[in-house]
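Participant: Here it is: the structure, laid out below.
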Amino acid sequence: MSLLPFERFYEQHREEIFGFLVRRLGRDRAEDAFQETFLRALRAYPRLRHGEHLRAWAYTIASRIAVDEHRRPRADADLPELASLDGRPAFAQLEHLADQLPPTERAAVVLRYGYDLDYSDIGAALGSNATAARQAASAGIRRLRQKELQ
Amino acid sequence: MTAVTPDLDRRFRDAAADEGLLDAAYDFVDSPVGPLFVAASKRGVCRISYDAEPERELDRLAHDFGLRVLRSAKPIDPARRELDEYFEGTRREFDLPLDVALLADFNRRVLRELARVPYGEVVTYGELAARSARPRAARAVGTVMNRNPLPIVLPCHRVIGANGKLTGYAGGLERKETLLRLEGAIL
């Protein structure tokens, strides 16, 4: 699949990426993270070799920025909004725990259960393959269950 | 609702332009001859289109200048300002940087001569061909006018037939007439 002009990539993904960042960071911090996500995507765009898995790629950039934002303490940070309207309440209850997972497992779990991406997309986003993505997601889920029981 | 607000959207589009990350920016400019699709590369204004189909224009820009094409008002503002002044009758020459690097030599030469045709005056296709050192190429000059990527700013509306008729215009004869009337070239 050939690459689209950036305008179309941005139009196609901006709403869901913003929704994802609002759930992770709260509305105020999500705005900065949103801008940074798409600026980073724009910087990297000429280096992409094909137009596949762009949705997963956008989520991967946004996840990394959200994690960096989380690490950056901010006194005036709002509480993140609850993800109650997007039909994924079960995952929303686990989402805060996912931050404690190792990076690959966290990305695999969030992209699979939070955003319904298939394993080949997730594998591509993580620079591996579908099998490795499935393994990372199940390892992450096992770890989350243990944490929940603790 | 967690929707991207127009303000957030605009801030991203401005930041992308400010950081110099765009191969081409575009926006629409309102005018008395309809909305104009105006695009600028890093070098200058590279496209002005009437009746633009954005999808097709986007593909053309990406093909010609690179994939980082984004609608962004800020890089188009200088062109918007000069076009507004032109249509208000307060500007007779454009001072915008233009990007014609992708055009063939002959087209560039003809357009350079065209740019010297003063506000409110007209030339024939044959005269313009002669000024471009190709006196017998009136027809080829007509084709260059028809494919002019920067109408209005490069004033192909000032080129008319040897019989004094308006002859043709890529944006339609009605627009050619409106522009010439605005400039006082016809009554």
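The values are calculated or read from the model by the stated rules, or taken from the named source; none is laboratory data. Note that the coordinates shown come from a computational prediction; the quantities given were computed from them, not determined experimentally. A quick note on method: Cβ atoms are made from the backbone with ideal geometry, for glycine too, and the neighbour counts reach across all protein chains shown.
Participant: Can you tell me which residue is modelled with the lowest pLDDT among those in region A:41-70 that are closer than 22 Å to A:ASP99 by Cα and of a type in the set (D, E, K, R)? Walk me through how you get there before you give the answer.
Facilitator: Residues of region A:41-70 that are closer than 22 Å to A:ASP99 by Cα, as a first pass: A:55-70.
Adding the requirement that they be of a type in the set (D, E, K, R) leaves A:55, A:64, A:68-69.
Numbers: A:ARG55: 93, A:ARG64: 93, A:ASP68: 87, A:GLU69: 83.
Taking the candidates together, the pick is A:GLU69.
Participant: Looking at region A:58-79, is at least one residue assigned to a helix (DSSP H, G or I), without any contact (Cβ under 8 Å) to a residue 60 or more places away in the chain, away from chain B (no Cβ under 11 Å) and of a type in the set (Asp, Glu)? Before you say what the answer is, go through the steps one by one.
Facilitator: First, the residues of region A:58-79 that are assigned to a helix (DSSP H, G or I): A:58-71.
Among the residues that remain, those that are also without any contact (Cβ under 8 Å) to a residue 60 or more places away in the chain are: A:58, A:61-71.
Filter again for away from chain B (no Cβ under 11 Å), leaving A:58, A:61-71.
Going one step further and asking which of them are of a type in the set (Asp, Glu), we end up with A:68-69.
Yes, because at least one residue in region A:58-79 is assigned to a helix (DSSP H, G or I), without any contact (Cβ under 8 Å) to a residue 60 or more places away in the chain, away from chain B (no Cβ under 11 Å) and of a type in the set (Asp, Glu).
Participant: Something else about it: For region B:48-107, how many residues are surrounded by fewer than 18 Cβ atoms within 10 Å (Cβ to Cβ), within 14 Å of chain A (Cβ to nearest Cβ) and of a type in the set (A, V, I, L, M)?
Facilitator: The number of residues fulfilling the criteria is 1.
Participant: Moving on to the next point. Pairs, please: C-beta under 8 Å, at least 6 apart or cross-chain, first residue in contact (Cβ under 8 Å) with a residue 24 or more places away in the chain and in a helix (DSSP H, G or I) and in region B:106-126, second exposed (fewer than 15 other Cβ atoms within 10 Å of the Cβ) and aliphatic (A, V, I, L, M)?
Facilitator: B:ARG109/B:ALA133; B:TYR125/B:ALA162; B:GLY126/B:ALA162
Participant: Which condition number in (1) modelled with pLDDT of 70 or more; (2) within 20 Å of A:HIS13 (Cβ to Cβ); (3) touching a Lys or Arg at 6+ places or on another chain (Cβ under 6 Å) is the one that A:ALA98 fails?
Facilitator: With respect to (1) modelled with pLDDT of 70 or more; (2) within 20 Å of A:HIS13 (Cβ to Cβ); (3) touching a Lys or Arg at 6+ places or on another chain (Cβ under 6 Å), A:ALA98 is out only on (2).
Participant: Could we say that A:PRO73 is under 12 Å from the mean Cα position of the chain (by Cα), modelled with pLDDT under 85, surrounded by fewer than 18 Cβ atoms within 10 Å (Cβ to Cβ) and not aromatic (Phe, Trp, Tyr) here?
Facilitator: Details: under 12 Å from the mean Cα position of the chain (by Cα): no; modelled with pLDDT under 85: yes; surrounded by fewer than 18 Cβ atoms within 10 Å (Cβ to Cβ): yes; not aromatic (Phe, Trp, Tyr): yes.
Against the criterion (under 12 Å from the mean Cα position of the chain (by Cα), modelled with pLDDT under 85, surrounded by fewer than 18 Cβ atoms within 10 Å (Cβ to Cβ) and not aromatic (Phe, Trp, Tyr)), A:PRO73 does not qualify.
Participant: For region A:44-57, which positions are assigned to a helix (DSSP H, G or I) and in contact (Cβ under 8 Å) with a residue 24 or more places away in the chain? I'd like the intermediate steps shown before the answer.
Facilitator: Of region A:44-57, the ones assigned to a helix (DSSP H, G or I) are A:44-47, A:54-57.
Correct list: A:TYR45, A:LEU54, A:ARG55, A:ALA56, A:TRP57.
Participant: Filter region B:1-36 for residues that are among the β-branched types (Val, Ile, Thr), under 19 Å from the mean Cα position of the chain (by Cα) and facing chain A (nearest Cβ under 9 Å) and give the result.
Facilitator: Taking region B:1-36 as the starting set, the residues that turn out to be among the β-branched types (Val, Ile, Thr) are B:2, B:4-5, B:29, B:33.
Subset that is under 19 Å from the mean Cα position of the chain (by Cα): B:29, B:33.
Passing the criteria: none in range.
Participant: In the set B:LEU36, B:LEU22, which member is under 30 Å from A:LEU21 (Cβ atoms), buried (at least 17 other Cβ atoms within 10 Å of the Cβ) and aliphatic (A, V, I, L, M)? Please lay out each step first, then the result.
Facilitator: Numbers: B:LEU36 fails: under 30 Å from A:LEU21 (Cβ atoms).
After ruling out the rest, the residue left standing is B:LEU22.
Participant: For region A:1-43, give me each residue that is small (Gly, Ala, Ser) and either free of Cβ contacts under 8 Å to residues at least 12 places away in the same chain or over 23 Å from B:GLU55 (Cα atoms) (or both). I'd like the intermediate steps shown before the answer.
Facilitator: Taking region A:1-43 and keeping what is small (Gly, Ala, Ser), we get A:2, A:19, A:26, A:30, A:33, A:41.
If the condition is that a residue be small (Gly, Ala, Ser) and either free of Cβ contacts under 8 Å to residues at least 12 places away in the same chain or over 23 Å from B:GLU55 (Cα atoms) (or both), then A:GLY19, A:GLY26, A:ALA30, A:ALA33 are the ones that fit.
Participant: Shifting gears a bit: Consider A:ALA83 against the criteria (1) facing chain B (nearest Cβ under 10 Å); (2) at pLDDT 85 or above; (3) crowded, with 20+ Cβ neighbours inside 10 Å: it satisfies all of them except one. Which criterion is unmet?
Facilitator: The single condition A:ALA83 does not satisfy is (2).
Participant: Looking at B:VAL141, is it in contact (Cβ under 8 Å) with a residue 24 or more places away in the chain and part of a loop (DSSP other than H, G, I, E, B)? Write out each step before concluding.
Facilitator: Details: in contact (Cβ under 8 Å) with a residue 24 or more places away in the chain: yes; part of a loop (DSSP other than H, G, I, E, B): no.
It is false that B:VAL141 is in contact (Cβ under 8 Å) with a residue 24 or more places away in the chain and part of a loop (DSSP other than H, G, I, E, B).
Participant: Turning to a different aspect of this structure: Only one of these conditions is not met by B:ASN148: (1) modelled with pLDDT under 95; (2) under 24 Å from B:PHE65 (Cα atoms). Which number is it?
Facilitator: Of the numbered conditions (1) modelled with pLDDT under 95; (2) under 24 Å from B:PHE65 (Cα atoms), the odd one out for B:ASN148 is (1).
Participant: In addition: So the check is Cβ under 7 Å with 6+ separation or different chains; which pairs have a first residue in region B:85-98 that's at negative phi and a second one that's in a loop (DSSP other than H, G, I, E, B) and of a type in the set (Lys, Arg)?
Facilitator: From residues that are at negative phi, the pairs are B:GLU85/B:ARG91; B:PRO97/B:ARG43.
Participant: Give the residues of region A:1-37 that are at the interface with chain B (Cβ under 7 Å from one of its Cβ atoms), among the hydrophobic types (A, V, I, L, M, F, W, C), surrounded by 20 or more Cβ atoms within 10 Å (Cβ to Cβ) and over 13 Å from the mean Cα position of the chain (by Cα), sorted by residue number.
Facilitator: Within region A:1-37, just A:PHE6 meets the criteria.
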